[in-house]
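This report concerns only the one structure given below.
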Amino acid sequence: MRAFAEPLQVEDVADPQAPEDGAVVEVRATGVCRSDWHGWMGHDPAITLPHVPGHELAGVVAAVGPAVRGFAVGDRVTVPFCCGCGTCEPCRHGQTQLCDRDFQPGFTAWGSFAELVALPRADLNLVRLPDKLGFVEAASLGCRFMTAFAAVTEHGRVGAGDWVAVQGCGGVGLSALMIARALGAAVVAVDVDEATLDLARSLGAAHTIDARDPVDEIVDVTGGGAHVSLDALGSAATCANSIRCLRKRGRHVQVGLMLSDDRTAPIPMDRVIAYELSLHGVHGMAVGRYDALLRLVTSGAVDPGRLIGRTISLDEAGAELAAMTDFSQRGVSVVAL
Ligand SMILES: [Zn+2]
Ligand SMILES: [Zn+2]
């Protein structure tokens, strides 16, 4: 990326070197994500040009630095999009997703729209892939699915019998739908697009509702409001709808990023008080939670492969980002190398 919002070029650049405590991973698959689109559009101040996007990667360790003990060349791995330093206070408490000195491939450094990517602190941040999980599927877990898992399990504390409303059924919303279903919850899927709602129904949504004015209908079909609602899009409107569709003592989880004019979106605090609601933000998932996520996936209780729209080549990644401008694509696109 040599300029924001201009077509991306595939170029030859120098191979990255493994940091002392890090690794170089040969990328086998890397997801194309709305966060990459925001970066490409110039919305992310962490990005300096020239740049290589890409943060949802799976691949094979190609080199390790001399201080690495737990990983070796040839290991099949993935990595959370937010890598921890291991020494700051959040990292010391296991919350690597909140690291004070976070490393985010494709944002704070060159990422995985490439044959090779360098990653720091490999013993902390690399995650070994189960043999039966393919690279394309593993790449699709690295951001949306992982964030949805944290949103539903840790923040939403969703349990069997709960009503869960999902506002916005893109990759993260549909991931949350599948995970909530696997935990025994009933899901109300909300979106503006009829084909997307069809997909949500095929993934087990109990009800699907048009997003333009969904609150009364959600309250109605859930018999008084959702126990948990996720704003999986990230906008002032979906955030407010998510809060207003909750029953008393319900939990709102803000999953979608709030950008530009929505950064300081108004919150219906009168309702938060009157219903004793709780509001949660989610910023990815701690690396230590990967074991639980991978157990859920390899158990067969959820099939993230259902969300993969298509696999594309590295040459096509730029056009795929551009297509996100008008929300024209469906499902998750993954670059396979
Ligand atoms: Zn840290
Ligand atoms: Zn992502």
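The values are calculated or read from the model by the stated rules, or taken from the named source; none is laboratory data. Just so you know, these numbers come straight off a predicted model, no measurement behind them. A quick note on method: Cβ atoms are made from the backbone with ideal geometry, for glycine too, and the neighbour counts reach across all protein chains shown. Accessible surface areas use protein heavy atoms only, side chains included; no ligands, DNA or RNA. Shrake-Rupley method; radii C 1.70, N 1.55, O 1.52, S 1.80 Å.
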Taking region 215-241 and the residues there that are more than 19 Å from the chain's Cα centre (by Cα) and polar (S, T, N, Q), the one that is farthest from residue 162 (Cα to Cα) would be 241
Picking from 332, 282, 287, which residue would you name as being in contact with a helix residue (DSSP H, G or I) (Cβ under 8 Å, 6 or more places away or on another chain) and under 20 Å from residue 202 (Cα atoms)? 332
Regarding residue 162, is this residue within 14 Å of residue 231 (Cα to Cα), away from ligand 1 (no atom under 16 Å from the Cβ), at pLDDT 95 or above and surrounded by 21 or more Cβ atoms within 10 Å (Cβ to Cβ)? no
Residue 19 versus (1) out of contact with any Ser or Thr (no Cβ under 6 Å at 6 or more places or on another chain); (2) within 15 Å of ligand 2 (Cβ to nearest atom): which is the lone unmet condition? (2)
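Of all the helices (runs of 4 or more DSSP H) wholly in region 258-337, which have at least 3 residues that are open to solvent by less than 80 Å² (accessible area, probe 1.4 Å) and modelled with pLDDT of 95 or more? Lay out the reasoning, then the answer.
Working: elements: 269-275, 290-298, 317-323.
So the answer is 269-275, 290-298.
Confirm whether residue 191 is without any contact (Cβ under 8 Å) to a residue 12 or more places away in the chain and either more than 21 Å from the chain's Cα centre (by Cα) or closer than 18 Å to residue 307 by Cβ (or both).
Values: without any contact (Cβ under 8 Å) to a residue 12 or more places away in the chain: no; either more than 21 Å from the chain's Cα centre (by Cα) or closer than 18 Å to residue 307 by Cβ (or both): yes.
It is false that residue 191 is without any contact (Cβ under 8 Å) to a residue 12 or more places away in the chain and either more than 21 Å from the chain's Cα centre (by Cα) or closer than 18 Å to residue 307 by Cβ (or both).
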Looking for something of a type outside the set (Ser, Thr, Tyr), closer than 22 Å to residue 133 by Cβ and without any contact (Cβ under 8 Å) to a residue 40 or more places away in the chain - is there at least one such residue anywhere in region 47-65? yes
Of the conditions (1) among the polar types (S, T, N, Q); (2) out of contact with any strand residue (DSSP E or B) (no Cβ under 7 Å at 6 or more places or on another chain); (3) away from ligand 2 (no atom under 15 Å from the Cβ), residue 108 satisfies every one except a single condition; which number is it? (3)
Among the residues that make up region 211-225, is at least one of them under 25 Å from residue 283 (Cβ atoms) and modelled with pLDDT of 95 or more? no
Before we move on, is residue 48 among the hydroxyl-bearing types (Ser, Thr, Tyr) and more than 16 Å from ligand 2 (Cβ to nearest atom)? yes
Of all residues in region 51-73, count the ones that are more than 15 Å from ligand 2 (Cβ to nearest atom) and touching a Leu at 6+ places or on another chain (Cβ under 7 Å). 2
Odd one out for residue 35, checked against (1) among the small types (Gly, Ala, Ser); (2) more than 16 Å from ligand 2 (Cβ to nearest atom); (3) within 20 Å of residue 125 (Cβ to Cβ): (2)
